[in-house]
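Heads up, the thing below is written out as structure tokens.
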Amino acid sequence: MIKKYLNLYLKMFSFTLKSELSYRLNYFLKIFYGPAYLGVMLLLVEIAFAKAPLLGGLTKDEGILLYGVFSLLYAIALLFFVQGFRHFLWSDLRLGVLDFLLTKPVNVQFLVAFSRPNFEQLPLVVGELLLFLRQLWLVQASVTGASLGLFLFSLALAMVLLFLMLSTYATLGFYVTKAAQVIEILDKATDFANYPTSIFPGSIQAIMFTLVPIAFCSYVPTLILLNRGQPLLLIGGIILTGIFYFLNRWAWQAGLKRYSSASS
């Protein structure tokens, strides 16, 4: 089963890349948006640390590492599945594309999420990876083999959690006409993940650890990498991922039962 879906995804990936490169000038112009946006976010982080030597207990190098962790994670998500959920809410439900997907002998959630890889993000992924590696080198004195291993596990868990969060909230499209704004709100909310979670008010922190769990996508993995993360944080991330997994399955089953097609 895994091999089947992997082969299917590789074919979609190849087809989409060829389609994008059919208009090379347009493609190469669009690839500058992502780096420009995240460059501005990096500048804001730099400005924040210029005002204080420590921010949420992190030094400037550690704070930029935090930014690098999340921006790399989110750039990968943009490359693989964020675009799929965005199109699902903006047009696929309204224009009947979902009707077409439902006729395929493949899990519809898989098709919705992964049928629109965003190749404009490839240069961004490479750039963010280089930034992360640079910051990792600068803070290497605080990193051990064990913390690096736990960090990689927490980062993989964060990617799964981010996918489940976006996927679950995308099912609001079955119920709300303007649900496309949900993805845009979540997208903007992720900007807060570029800063230490501890600097925000308690109410905001509660949301960042539960309803929109971006703290587990940046702050927690960074603390783990720097040997400052409590075991309960990692356990909490595992539990929350499990909750979102079952919530996501229920939300898609309920949403598809309610859907009657765009032409009805």
| said: Sort W137, W90, W252 by Cβ crowding within 10 Å, fewest neighbours at the top. | reply: W137, W90, W252
| Over what distance in Å are the Cα centres of region 116-131 and region 134-163 separated? | 19
| request: Excluding R134 itself, calculate the net charge of residues whose Cβ lies under 12 Å from the Cβ of R134, where each Lys or Arg counts +1 and each Asp or Glu counts -1. | output: -2
| request: Could you tell me which helices of the chain pass both thresholds, a Cα extent of 20 Å or more along their own axis and a mean Kyte-Doolittle hydropathy of at least 1.0, with helices taken as whole DSSP H runs? | output: 33-51, 60-77, 122-138, 145-170
| field | Using alpha carbons only: equivalent-ellipsoid semi-axes of region 26-258, gyration tensor based, whole Å | value | 32, 20, 16
| request: Return the inverse of the average 1/r over all pairs of distinct C-alpha atoms in region 109-200, which is the Kirkwood hydrodynamic radius, in Å to one decimal. | output: 16.2
| region 26-258: relative contact order in percent, alpha carbon pairs under 8 Å with at least 6 residues between | 27
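Every read-out reported here was derived from the displayed coordinates using simple, explicitly stated rules and does not represent laboratory data. Just so you know, these numbers come straight off a predicted model, no measurement behind them. Don't worry about glycine lacking a Cβ; one is built from the backbone with ideal geometry, like all the others, and counts go over all protein chains shown.
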